[in-house]
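One structure is given below, encoded as structure tokens.
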Amino acid sequence: MFEKLKRKLAKKREMKKWEVRITKNFKDLKNRRKLTKEQIKEVDDFYISMIGRKVPLYCHEYFYSRTGVFTKEYIPNNFYHCELVPRANVHKLQGAFGDKNMCDFLFPGENIAHSILKNMNGYYFFEGQPVSEEEAVRLCGNLEKVIIKPSRESHGSGVQMFSSKDGITDIKGKTVPQLFKEYKQNFLVQEWVRQHEKMAALNPTSVNTIRVLSYRSGMEVLIIYSVVRIGRSGAIVDNQCAGGISTTISKDGKLGKEAFGGYTEDNIVKTDTGITLDGYQLPSYDKAIEFVKRLHLKLPFFNIVGWDVAIQEDGAPVLIEFNTNPGLSQSAFKSGMGEYTERIIRELWPRPNTWFPD
């Protein structure tokens, strides 16, 4: 009885956290739109038909205000993260499988961004072989243009690029031991991906990735949507919440008319490099989609996955990382899960919630 009460309270706190975040951002929007009675009824009827109850309307209001597009298929963030994802994915396994250091273990033989050094639970591995901390420091004493980042965080948090010479990095002159000490444990040093010229043209200082959200249903992998994430001038990360922008990608690999950045920056039609987004053709988009579908079939515990795929100089898709608790790009996509919204909710709702069991 006590454990059930604890779970109920924990769920309530988590649900509130997501709602507070979006309602705060709503207040910062220049143009705030209220839903009409007809729109409210449309949303209520839609969700009642699937789950037997209404959902909070704060996301419908927020994304309608940002995009100017109303759809009943927007999904409240707290409902998505606390109800849908834990029904799609095994929550207790997210930490281990979602660790960026696990990518090459999970997908042997696939094209994965190369990790030079890994720190896993405090233990070091250089080129896949266990080494001492002293040896790890020595082996990373002379590196050129690499990325260091936490292996268990998302949203571009803690990502830095550095080069080192004789044990000194170009990050404010810090030594390699000092840099490793800042990250403590569970981090990786990864080779910089040399991207296709058409991807680099969007912003040369960041590896601009295709974020694909996929859903597995039996042996079928549905592509819910894909967006391109583009860094801003001088930035090394492309994540929208870290300052980057994102826009949708059509089924033939062309970019949408406008991009969105942060939580309030809207209607961006050109990159900082001056490229008009509308109709810009991405290279190897069809290869990236087939790549994601193949990889998703190798993850039996996760039915909703976000994939960050870069396109190499030679046009080959390469996996940068994947996320077992991915957010929804509802601004760029102008929907929750588009044409698959109803199908996915109906399929997932009868399943047990692996995070907050009833």
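The values are calculated or read from the model by the stated rules, or taken from the named source; none is laboratory data. In this text, all values refer to a predicted model and were calculated from it rather than measured experimentally. We place every Cβ from the backbone using ideal geometry, glycine too, and count neighbours over all the protein chains shown.
Criterion first (under 23 Å from Ile345 (Cβ atoms), surrounded by 18 or more Cβ atoms within 10 Å (Cβ to Cβ), under 18 Å from the mean Cα position of the chain (by Cα) and not hydrophobic (A, V, I, L, M, F, W, C)) does Gln39 satisfy it? Show your work before the answer.
Values: under 23 Å from Ile345 (Cβ atoms): yes; surrounded by 18 or more Cβ atoms within 10 Å (Cβ to Cβ): yes; under 18 Å from the mean Cα position of the chain (by Cα): no; not hydrophobic (A, V, I, L, M, F, W, C): yes.
Spelling it out, it is not the case that Gln39 is under 23 Å from Ile345 (Cβ atoms), surrounded by 18 or more Cβ atoms within 10 Å (Cβ to Cβ), under 18 Å from the mean Cα position of the chain (by Cα) and not hydrophobic (A, V, I, L, M, F, W, C).
Say we look at segment 188-208 and pick out the residues that are small (Gly, Ala, Ser) and surrounded by fewer than 21 Cβ atoms within 10 Å (Cβ to Cβ); which of these is farthest from the chain's Cα centre (by Cα)?
Step one: of segment 188-208, the residues small (Gly, Ala, Ser) are 200-201, 206.
Narrowing the set further to residues that are surrounded by fewer than 21 Cβ atoms within 10 Å (Cβ to Cβ) leaves 200-201.
Numbers: Ala200: 20, Ala201: 22 Å.
Among them, the one singled out is Ala201.
Please work out if Lys149 is part of a strand (DSSP E or B), among the charged types (D, E, K, R), under 26 Å from Asn239 (Cβ atoms) and at pLDDT 95 or above. Against the criterion (part of a strand (DSSP E or B), among the charged types (D, E, K, R), under 26 Å from Asn239 (Cβ atoms) and at pLDDT 95 or above), Lys149 qualifies. Counting the residues of segment 220-239 that are surrounded by 22 or more Cβ atoms within 10 Å (Cβ to Cβ) and of a type in the set (Ser, Thr, Tyr) gives 2. Put simply, of Phe79, Phe70, Phe46, Phe2 the only residue that is in contact with a Leu (Cβ under 9 Å, 6 or more places away or on another chain), farther than 16 Å from Tyr263 by Cα and not small (Gly, Ala, Ser) is Phe70.
Which ones in segment 80-118 are charged (D, E, K, R) and either closer than 15 Å to His296 by Cβ or in contact (Cβ under 8 Å) with a residue 60 or more places away in the chain (or both)? Before the answer, list the steps.
Applying the first criterion (charged (D, E, K, R)) to segment 80-118 yields 83, 87, 92, 99-100, 104, 110, 118.
Residues satisfying the conditions are Glu83, Arg87, Lys92, Asp99, Lys100, Glu110, Lys118.
If you filter segment 14-36 down to residues that are assigned to a helix (DSSP H, G or I) and polar (S, T, N, Q), you find that the one that is farthest from the chain's Cα centre (by Cα) is Thr23. Looking only at segment 245-276, residues that are within 21 Å of the chain's Cα centre (by Cα) and farther than 11 Å from Ser331 by Cα come to 9 in all. Could you list, in sequence order, all residues of segment 192-203 that are in contact (Cβ under 8 Å) with a residue 60 or more places away in the chain and in contact with a strand residue (DSSP E or B) (Cβ under 9 Å, 6 or more places away or on another chain)? Result: Val193, Arg194, Gln195, His196, Lys198, Met199, Leu202, Asn203. Of everything in segment 16-36 that is in contact (Cβ under 8 Å) with a residue 12 or more places away in the chain and among the β-branched types (Val, Ile, Thr), the residue that is surrounded by the most Cβ atoms within 10 Å (Cβ to Cβ) is Ile22.
Note on segment 110-142: residues that are crowded, with 19+ Cβ neighbours inside 10 Å and assigned to a loop (DSSP other than H, G, I, E, B) total 2.
Check Arg232 against each of (1) under 25 Å from Val305 (Cβ atoms); (2) modelled with pLDDT under 95 and name the one condition it does not meet. Every listed condition holds for Arg232 apart from (1).
Looking across segment 159-187, the residues that are over 27 Å from the mean Cα position of the chain (by Cα) and either assigned by TED's automatic domain parsing to the domain that holds Ala235 or in a strand (DSSP E or B) (or both) come down to Ser164, Lys165, Ile168, Thr169, Thr175.
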